[in-house]
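Report on the following structure.
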Amino acid sequence: MHYGGDYNPEQWPEEIWHEDVARMREAGVTMVSLGIFAWSRIQPAEGEFDLDWLDRVIDLLHEGGIAVDLATATASPPPWMHERYPEILPVTVDGVTLGPGSRQHYAPSSPVYRRLAAELVTVLAERYAGHPAVVMWHVNNEYGCHLHADYSDNARDAFRRWLRERYGTVDALNDAWGTSFWSQRYTSFDQVLPPRAAPYSHNPGQLLDFRRFTSDMLLECYLMEREIIRAAGATQPITTNFMGAFMPANYQQWAAHMDVVTDDAYPDPNDPESFRAGAFQRDLMRSLKPEVPWLLMEQATNALNWRPANAPKAPGQMEALSLQSVARGADGILFFQWRQSRAGAEKFHSAMLPHAGTGTRTWREVTRLGATLAALPELPVGQDDARVALVLDWESWWAVDSPDHPQNGLDYLEVVQRWYRALHRRHVQVDIVPPERVDGRYALALAPALYLLRPEGAAALDAFVRGGGHLLAGPFTDVVDPQDRFLDGGFLTRLGGVLGVGIEDFGALVAPDAPGPGEREAPLEGPFGAATGTLLAEEVVARGAETVATFTGGRRAGDPALTRHGAGDGVGWYLATVPDEDGCDAIAGHVLDQAGVAPVLAGLPPTVEAARRGDVVTVINFGAADVDVDVAGHELLRGADVESVTLAPFGVAMVRRS
Ligand code: GLA
């Protein structure tokens, strides 16, 4: 178990560093992420490097037995860079150049930025590749955070290069984007631009490719740094910190290039349900690379500074959320940051060592958590035995997010998370994967709004059902190809076989929060009781499937709402609407039952969560009252054999089951 946080010694005089190391030892810190925003300190001018201070800090940490996750410091360019090379600055969709004075003010595709970043990383890698304190490399920081897309001339030139590589000929590009529509036919790649502000809707193929390009530009920056570090002979694992389900970067594609997945998570203490979003994020991280334990690279000990109202964490909440990460596959808990800053935009952000000192609840909780983690035995690693796959796909997310759909109020991530919450309330272990990763290890796969479906994903889902799995799909699933174009033969052209249905119309309802008149809800009824559909009430035509639930009102009254179709050894379910929270709950219950999926632990209230990590079951009470839980085995936090445990609010038990 790693334990620690971001360490920014450049913000403090050197005498403080000695106190820092002593305090870190007291708190049980094992590793710090060093120098993430220290570029201007490391390189005060172009071609001029000052590493003596960094040598001293690293040696000091090493003497104190604290390992270093060494940052490459490329996330915030120093002032000399924009002074001399203003062309590195990013530009918004409206043509506004984003200036310096904050952080992340660089165009990821800028050749000048990349050259200067490469120079910095080369110097750092050559100096520290063999340093015994350095156990990990932290490339850049939160790629794409703040700057979700860049529309500068750097991006223009790089987008053209990227499209040339992808399509080879401009005719292939025209075909992929369907440019015969609205007279958009290109005769040269040099006519193509990023989708900058325009009079009306952009070409959806262009929008989708620009998202791919944006993710790829950030990934190229990461890969460039990674190669420099490796070329210098470094053998430590290399990573960059993710931000949960972060739309601009396709982490399902990036994960292959991380030696270890690391993640930053800031659930809102104001939201009593945010622990469910936390669980979703942690399951996503584990699922990205199940064979290697991930690390929680950043969280807050207490209050933040960047929400409209930054509530403190309640006593015990930080520890409960930390152990939620461990329960869901993490082998390390780190914070932003070690010592609270005394100046700058984040001076109100909590830290491990608060500005108010060591006489604080935060410090007591930090030292207690350090001791707790240090006492834990090694925990199981590897793909767990989740029987449910929740399908989340970045490309489908991007495509759904484009305008000009039957229902433009469909929030893809929110819909996926709504299903996750239903499963979480039922204490079911879930992996969150793209469709290509759905296979026979699962009993049930849920694929909501899988609008863009790649041929490999379609083949995997088809084979999954035929091999004996239950697939619950829809609505707005299997609509377009990877270029956001319809396929011949209508909709559900790939999954229609196993689902036994076709779609005639998407049947948009007025979104629940949209103004104006019109139908907003589609009531339905089935063996799970009555439920409410929202957003879409599709016109489904049965082609072999039986109707399980029927719309009971509105324009689709009497028509199928949920269908079931036996295909091969499995079952394809199709749902024609987006149920509300209770509806997802009821339908999930029915389908879990039919697929024979059991919860991690039965009989728990929905505010108590249960997660399995190999033979260790963790239960956490996120409710407001004490709860008794029947779970027998060796309780790792108390070091005792138990038959049951009583959990106070934010109480945790980790039971190795016999
Ligand atoms: C992000 C950054 C950190 C810090 C925190 C504050 O995660 O990586 O540098 O700004 O947010 O919550």
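The table below lists the values:
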{"read-out": "The stretch 403-446, subset of a type in the set (Gly, Ala, Ser) and assigned to a loop (DSSP other than H, G, I, E, B), residue modelled with the lowest pLDDT", "value": "GLY409"}
{"read-out": "Residues that are more than 16 Å from ASP615 (Cβ to Cβ), among the aliphatic types (A, V, I, L, M) and either within 18 Å of the chain's Cα centre (by Cα) or not in a strand (DSSP E or B) (or both), drawn from the stretch 380-402", "value": "ALA389, LEU390, VAL391, LEU392, ALA399, VAL400"}
{"read-out": "Count - residues of the stretch 130-154 that are buried (at least 19 other Cβ atoms within 10 Å of the Cβ) and either under 20 Å from the mean Cα position of the chain (by Cα) or within 13 Å of the ligand (Cβ to nearest atom) (or both)", "value": "9"}
{"read-out": "Single residue of PHE464, PHE486 found to be loosely packed, with under 15 Cβ neighbours inside 10 Å and touching a strand residue (DSSP E or B) at 6+ places or on another chain (Cβ under 7 Å)", "value": "PHE486"}
{"read-out": "Single residue of GLY589, GLY633 found to be at pLDDT 95 or above, part of a helix (DSSP H, G or I) and open to solvent by less than 40 Å² (accessible area, probe 1.4 Å)", "value": "GLY589"}
{"read-out": "Residue ID - nearest to the ligand (Cβ to nearest atom), chosen from residues in the stretch 43-71 that are within 22 Å of ASN241 (Cβ to Cβ) and among the small types (Gly, Ala, Ser)", "value": "ALA71"}
{"read-out": "Hits in the stretch 506-524 (condition: of a type in the set (Gly, Ala, Ser), over 29 Å from the mean Cα position of the chain (by Cα) and outside any loop (DSSP other than H, G, I, E, B))", "value": "ALA522"}
{"read-out": "Of all residues making up the stretch 265-316, the number that are within 14 Å of the ligand (Cβ to nearest atom), under 24 Å from VAL391 (Cβ atoms) and touching a Leu at 6+ places or on another chain (Cβ under 9 Å)", "value": "2"}
{"read-out": "Checking TRP254 against (1) assigned to a strand (DSSP E or B); (2) more than 16 Å from the ligand (Cβ to nearest atom), the condition it does not meet", "value": "(1)"}
{"read-out": "Filter result for the condition that a residue is of a type outside the set (A, V, I, L, M), in contact with a Pro (Cβ under 7 Å, 6 or more places away or on another chain) and at pLDDT 95 or above, over PHE464, PHE486, PHE506, PHE476", "value": "PHE506"}
{"read-out": "Tabulated pairs, the stretch 43-72, first outside any strand (DSSP E or B), second open to solvent by 30 Å² or more (accessible area, probe 1.4 Å) and among the hydroxyl-bearing types (Ser, Thr, Tyr), C-beta under 7 angstrom, 6+ apart or interchain", "value": "ILE66/THR30"}
{"read-out": "Residues that are surrounded by 14 or more Cβ atoms within 10 Å (Cβ to Cβ) and more than 17 Å from THR550 (Cβ to Cβ), drawn from the stretch 506-521", "value": "PHE506, ALA508, VAL510, ALA511, ARG520"}
{"read-out": "Cβ-Cβ under 8 Å pairs, at least 6 apart or on other chains, the stretch 15-42 side more than 16 Å from the ligand (Cβ to nearest atom), far side open to solvent by 10 Å² or more (accessible area, probe 1.4 Å) and among the polar types (S, T, N, Q)", "value": "ARG23/THR358; GLU26/THR367; ALA27/THR367; GLY28/THR367"}
{"read-out": "Residue check for PHE335: within 13 Å of the ligand (Cβ to nearest atom), over 22 Å from GLY651 (Cβ atoms) and out of contact with any helix residue (DSSP H, G or I) (no Cβ under 6 Å at 6 or more places or on another chain)", "value": "no"}
{"read-out": "Qualifying residue in the stretch 214-222 (condition: in contact (Cβ under 8 Å) with a residue 12 or more places away in the chain and of a type in the set (D, E, K, R))", "value": "yes"}
{"read-out": "Selection count where residues are more than 20 Å from VAL608 (Cα to Cα), open to solvent by 20 Å² or more (accessible area, probe 1.4 Å) and either in a helix (DSSP H, G or I) or within 16 Å of the ligand (Cβ to nearest atom) (or both), scope the stretch 317-332", "value": "0"}
{"read-out": "Complete set of residues in the stretch 220-251 that are open to solvent by 10 Å² or more (accessible area, probe 1.4 Å), within 16 Å of the ligand (Cβ to nearest atom) and of a type in the set (Gly, Ala, Ser)", "value": "ALA245"}
{"read-out": "Checklist (1) open to solvent by 10 Å² or more (accessible area, probe 1.4 Å); (2) without any contact (Cβ under 8 Å) to a residue 60 or more places away in the chain applied to SER396, failing item", "value": "(1)"}
{"read-out": "Subset of the stretch 258-306 [of a type in the set (A, V, I, L, M), part of a loop (DSSP other than H, G, I, E, B) and without any contact (Cβ under 8 Å) to a residue 60 or more places away in the chain]", "value": "MET258, VAL261, ALA300, ALA303, LEU304"}
{"read-out": "Qualifying residue in the stretch 356-368 (condition: within 15 Å of the ligand (Cβ to nearest atom), surrounded by fewer than 18 Cβ atoms within 10 Å (Cβ to Cβ) and either in a loop (DSSP other than H, G, I, E, B) or over 24 Å from the mean Cα position of the chain (by Cα) (or both))", "value": "no"}
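Okay, residues lined up against (1) more than 13 Å from PHE210 (Cα to Cα); (2) open to solvent by 80 Å² or more (accessible area, probe 1.4 Å):
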residue: ARG160; (1), (2): no, no
residue: LEU163; (1), (2): no, no
residue: THR169; (1), (2): yes, no
residue: SER183; (1), (2): yes, yes
residue: SER188; (1), (2): yes, no
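The values are calculated or read from the model by the stated rules, or taken from the named source; none is laboratory data. Being a predicted model, the structure only gives us computed values, none of them experimental. Quick reminder, even Gly has a Cβ in these numbers, built from the backbone with ideal geometry, and neighbours come from all protein chains shown. The accessibility values were calculated without ligands, DNA or RNA, using every heavy atom of the protein model including side chains. Shrake-Rupley method; radii C 1.70, N 1.55, O 1.52, S 1.80 Å.
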